[in-house]
Structures are given as C-alpha cells and as structure tokens.
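What follows is a set of notes on a single structure, which appears directly below.
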Ligand code: ARG
C-alpha cells in the first residue's frame, strides 16, 4: 500500500473531498440536503467504466505508470465486485457515487489510487456517467417499445376480418378494421422509437477531459477516452461539455410523449373493457379485482398507463424549469437531472411492458364490435359518396343524407325505408346499408381503414418493425 499512511488524503472516509480548503466539518443538514448517493448509486457501473478508461488514458499520456495503472484497475475491479455483491461499505462522506468509488479505490490502491482523479472533475465525470447510463438504459427501453410494437402488429394480423366502429368525438363515425385501429397505435410508437434513437444519437458525445469547466494544463487525450468508451465523438467546448443536459431534456420529452401515446391506448382499453363497450375482455393475469365489489374485473394496468403520463409530463416541465437560467458552467442545480430521468425511463419501460402483456393476452370481443359497427347510420358517408359518384355535389349529398338521418331519428323509421323511397338513392344504394362489414370494404383509399389497404399496411408495419429491430436497434446496446 502507501509508503506514508499518515499523509492526509482527501479520500478519507470521514472527510469531504475539499477538506484542504474547508477544514470545518459539514453540517448534518448540508449533507442530508445535498447528498445524491441514494439515487446516483445507479451510475456505479458507468462510473467504474469511465474510471477505467480515464486511468488508461492517463497512463497513455504518461501521468500514471503502467504499474500504477494495473493497481488502480485491480482496485476498480474489486470495487465493482463489492458493489455487485453488496459488500461495499459506504462512508458518511460519500456524497455521491463518484466520491464513494474514488475513496474506496484510494483505500485499496494508496498513492496510485489517489491519482485516479488527475485531470478530471466530478463535473465532466457525472456528465460522462449519465451519458453512459442513458446509452445502456435507453437501449433497454427501446427493446420494451419494440416488444409492444410487435404485439400490436401480431394482434393486427390475427384480427383478420374483424371491424368495429371508428369514432370521432367518441361518437360512432365510420367502421374501421380492427387491424387498422391497432396499427394506428403501432405507428405512434414507431415514431417514439425513432425519436429515442435521435435523442440517443445526440447523447453519444464524450464529455470526459473537460475538467471542471476549462480543460486542463495536464496532458490528456479526450479522443482516446471517447473511442475506448465507444462514443462517436468527444466534446468541442469544455464549458458546454459540463453544462449540457439537452440530452436529458430530450429524453424526458421522448418518454413523456411515448407515455402520452400509452395513455391513449390505456384510455381505450378502459373504454373497451367497460360493459358499455364490451369490445375487450382482459386476461386474468392483467386484471385486478375489487376489495369490496365481488363482481369487478378492473383495468388497473390501463388506468396507470394513462395516469403515468401526467407524471412524465411533470418531470419534463420541472426539469426544463430547473435548466432555465443556469449560467455556465456546472452548477449544483444540474444534480436534479437524475431522478426525473431515471424515473421516466423506468416508468415508461414498465408501462410498455405491462401494456404489451395486456394486449397480447386480451380477448377482442369481435361479436360486440360487429354489432356496434353494423349500425345503419354508420353508412351515412357511404350514401353521400354514392351520390357523389352519380355527380351530386358533395355538399348537397351531405345535406340530403343528413336529412334522412334526421328523419330516421325523429320519425322512428329505418334508414332502409328512407333510402328505398328517396329517388336519388333507391335499391342500388340499399346495398350500402347491408351490414356484415360492407361499409368498411368501401374504405379503399391509400392508408384507409378497409381490408385491402389494411393488408398492405400490415406488410408496411412488419417491414418497419424489422428495420427498427435491425442494425439501428443496436444503437447504444
Ligand atoms: N453529484 C453531483 C451531480 O450529480 C456530481 C457533481 C458534483 N460537482 C460539484 N462541483 N459539486 O451533479
């Protein structure tokens, strides 16, 4: 170990790193208020990976000997094991994971360990750790979103000829294929994955070597660390490197919007599982009961998927408010980046996974969907379009059919009777009211809700999913 055990070390367990400048002990409530260890302990693996690369770089530029390098790397290996198996003893002065790792490395590696923080600040270190973390966890989140997309495509493929009412204003509008409805959610989540990839690409810049804010007089090689850690590039500006949290804000937005998409699926599941709709029956594994009402089967997963959007929107808004007005460069305000980010990534991953399970196992009640969609009023647009094909201006056709609907509702006559007696319509138009999915088959325009277009769309969705699962899917993994 060290040849001088008595020399004061900034890493002594009982003393903070800055005890040389501020010899007085920190107040308990200062520690309680400023400590970040309870949450940034999640950066441990990234901190160790970053420290390994830093030590190798310092050795490459001659600041450490290769013997010192081996000793520090061995100490980092030991710290990694201690953290993994729970043997790591945290000290009261460990205000964050960076301090804890460095202290332990110095205990284990003596003088060589005390060189670990050469030409490095916790400011560039924490920025590095967080970027490594989002690369790792972003890839895990991406897999959950892809899994959900896979379920939506599968259920759309399995939906076959099933159709249901499409709604606007939650009023029945026109029938749509069930596959069409499910794939609408698929495309929204595909955009979330694209946005995630773009945010992760912008996070793919190494800040290590920026020091506290201005770089260093010591020989460092930020490109070498960036390469070793698998980053695409290193920072261009040391001030920006330590104060940029755009990637956190962007990821919070990506997560918030994706959770908003899940909330819309959640809301539909809530509606569809109600007795009033009855379009979906939940598998027991994805339903909850009531503590008082024996008959209940509740869609709590869907409700929480809906509710968590509020929380993620709050995290985004809160973090933007924190960032606003922070002068260059590092300020402790930036420590507030981690909890909302960790929470957003965790929440969205769990919600995507639980909704994927719910949708994979739920039973679509296509009989109820058909019954609701075969309402003859749902064919009103088809009647208007029938008239358009006969040369009637659309606005006139709309008014004529609207008048028939009004009469049907006011006089209690069927649409069939009214269509038969309307000279502009007659028996030929009656076929449009036939039910049995006849209306949905008329949705033939590109990207439309009819069976032919949905079959095409299913191929496009399958291809898009394969693309996103392909090489781009390796991003950050
Ligand atoms: N725990 C701190 C954070 O999360 C690490 C950086 C501390 N830097 C400093 N100058 N106090 O931001």
Q. Does region 13-73 come out rounded, prolate or oblate, given a ≥ b ≥ c as the square roots of the eigenvalues of its C-alpha gyration tensor, rounded meaning a/c under 1.5 and, failing that, prolate meaning a/b above b/c?
A. oblate
Q: Would you calculate the separation in nanometres between label points at residue 409 and residue 214, each defined as 7 Å from the Cα along the Cα-to-beta-carbon direction?
A: 7.4 nm
Q | Angstrom value of the Kirkwood radius, inverse mean 1/r, which spans all Cα pairs in the chain | A | 26.5 Å
Q. Which residues does a label at residue 416 reach in region 429-473, if reach means a backbone N under 20 Å from a point 7 Å past the Cα toward the Cβ?
A. 429-441
(Q) Based on Cα coordinates alone, diagonalise the gyration tensor for region 274-316, multiply each eigenvalue by 5, take square roots, and list the semi-axes in whole Å, largest first. (A) 25, 13, 9
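What value in Å³ per residue do you get for the convex hull of the alpha-carbon atoms in region 239-279? Display every interim value, and only then the final one.
On the way: hull volume 1.5 nm³, N = 41.
Taking only Cα atoms, region 239-279 has a hull volume of 37 Å³ per residue.
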**Q.** Extension gain from residue 29 to residue 85, taking 0.36 nm per residue of separation minus the Cα-Cα distance
**A.** 17.1 nm
**Q.** Sequence of 297, 308, 324 once ranked by neighbouring C-beta atoms within 10 Å, starting from the fewest
**A.** 324, 297, 308
**Q.** Linear extension gain, residue 363 paired with residue 290, 0.36 nm per residue minus alpha-carbon span
**A.** 24.2 nm
Q | Antiparallel bridges, percent of DSSP beta bridges restricted to region 94-238 (to nearest 5) | A | 75 percent
(Q) Using a 10 Å cut-off around each Cβ, can you sort 90, 364, 231 from fewest to most neighbouring Cβ atoms? (A) 90, 364, 231
(Q) Compute the angle between helix 451-469 and the longest alpha-carbon principal axis of the chain, please, reported from 0 to 90 degrees and rounded to the nearest 10. (A) 10 degrees
Q. Could you give the angle, 0 to 90 degrees to the nearest 10, between helix 97-113's Cα long axis and the longest principal axis of the Cα atoms of the chain?
A. 30 degrees
Q) Shape of region 381-423 from its Cα gyration tensor (a ≥ b ≥ c, root eigenvalues): rounded if a/c is under 1.5, otherwise prolate when a/b > b/c, or oblate? A) prolate
(Q) Could you work out the pair-distance distribution P(r) of region 260-399 from its alpha-carbon pairs, with 5 angstrom bin width and percents rounded to whole numbers? (A) 2, 8, 13, 12, 11, 9, 9, 9, 8, 7, 5, 3, 2, 1, 0
Q | Degrees separating the helix 338-361 axis from the principal Cα axis of the chain, which is the longest one | A | 40 degrees
(Q) How many angstrom lie between the Cα centre of region 145-195 and the Cα centre of region 42-100? (A) 48 Å
(Q) Could you list 330, 163 so that the one with the fewest beta carbons within 10 Å of its beta carbon is first and the one with the most is last? (A) 330, 163
Q.
So if I restrict to the alpha-carbon atoms in region 350-405, what is the Rg, and what is Dmax, the biggest pairwise distance, in Å?
A. 19.1, 54
Q.
Between residue 394 and residue 161, how high is the FRET efficiency from 1/(1 + (r/R0)^6) when r is the Cβ-Cβ distance and R₀ = 41 Å? Nearest 0.05.
A. 0.90
Q. Given that compact globular proteins tend to follow 2.2 N^0.38 Å, what is the ratio of the alpha-carbon Rg of region 86-224 to that value?
A. 1.74
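Read-outs: derived from the displayed coordinates by stated rules, not from any lab. What you see is a predicted model; the values in this text were computed from it and never measured. Glycine also receives a Cβ, built like all others from the backbone with ideal geometry; neighbour counts cover every protein chain displayed.
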